[in-house]
């Protein structure tokens, strides 16, 4: 029998025990009842708080080197698991082929509101939002939803609209996606043989390199936690979320962004090619563009030291911040 579908679903406490790099000790509850797990590192750090927005299907492995480096530089670091991933739940059990969910349950604005909920739960008034891949779309939607909470944006290897249009430099994937998505939702068993092949790390790393999903500096050790996360995540939920990405556009918002923005492009990215980042840069007034010519879509894994230095420099030059600022608890915020 199916689980009750009128109650939020939450994974077990050990759901991410085999792959999480950061313990998700925090728990927020979204306005639709979905439990969102997060970690908050260095909460009393003196520099600008950083809120990380995950990419599609991504675990905390993508921030495994960048987050500690920014933490060591003095930034409070706030990292949630995306709903339906890791320790975060869903508004109801997904069911076979995610039949109990709608695209609105996993939309970019919906995930953006989750990010705002995590800021509230952690007692952080404002943050620099660092988004990668799909996280660029959700970071932009967070700015649309609550611009007063965003002091700046760092948009890494992403796009402001449907990524399927530029997938491998062609729009074929955009046209084929509805067929593949329908198959997965109505006959999810077809993916079982594929999911069974995920891992070991050496095989997954080779596959990622052959598909050009991973850049030359992404090692099998870097990708191993992500592969374990991928194997543990419901593929039908991921496909529905991919559909939500495909239905989304924040291009209309770009010319209205008024906070300092750093756009980071990956020159060898075949998922969201550098031209996607360049298009964002040209539309956001006063934005800065940083390019890594040889990096792939795994840029946060490949260039954590250079990204840390660039973000720290960007913040120092462009964002005014008190020398000492502590985060307030939810109780203090309500007074």
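Listed values, structure above:
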| read-out | value |
| --- | --- |
| Computed Rg/Rh of the range 83-184, alpha carbon atoms with Kirkwood Rh | 1.01 |
| Inter-label distance for residue 5 and residue 316, nm, one decimal - labels placed 7 Å from Cα along Cα-to-Cβ | 5.5 |
| Peptide ranges 144-152, 266-274, 165-173 listed from the most packed, as the mean C-beta count within 10 angstrom indicates | 266-274, 144-152, 165-173 |
| Rg and Dmax [Cα atoms of the range 158-297; Å; Rg one decimal, Dmax integer] | 16.8, 48 |
| Residue 323 paired with residue 168, simple spin-label distance in nm, labels 7 Å along Cα-to-beta-carbon | 5.6 |
| The chain, helix-only ellipticity at 222 nm - DSSP H runs n ≥ 4, -39,500 (n - 2.57), divided by all residues, nearest 500 | -11000 deg cm²/dmol |
| Added length on full extension, which subtracts the Cα-Cα distance from 0.36 nm per residue, residue 289 to residue 213 | 25.2 nm |
| Rel. contact order, % - alpha carbon contacts under 8 angstrom, at least six apart, the range 34-135 | 43 |
| Ranking of 19, 226 by count of other Cβ atoms within 10 Å, fewest first | 19, 226 |
| For the chain, share of DSSP beta bridges that run antiparallel, in % to the nearest 5 | 30 |
| Cα-based convex hull, the range 12-111, per residue volume (Å³, whole number) | 108 |
| The range 141-199-the range 96-137 distance, computed between alpha-carbon centres (Å) | 14 |
| Length added when fully stretched, residue 196-residue 14, from 0.36 nm per residue minus Cα-Cα | 63.4 nm |
| Label point distance in nm, residue 247-residue 182, each placed 7 Å from Cα along Cα→Cβ | 1.6 |
| Rg to Rh quotient for the chain, alpha carbon positions, Kirkwood Rh | 0.94 |
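Any read-out appearing in this document is the output of simple, stated calculations on the displayed coordinates, not a laboratory observation. Bear in mind the structure is a predicted one, so any value in this text is a computation, not a measurement. Every residue, glycine among them, receives a Cβ derived from its backbone with ideal geometry; neighbour counts consider all protein chains shown.
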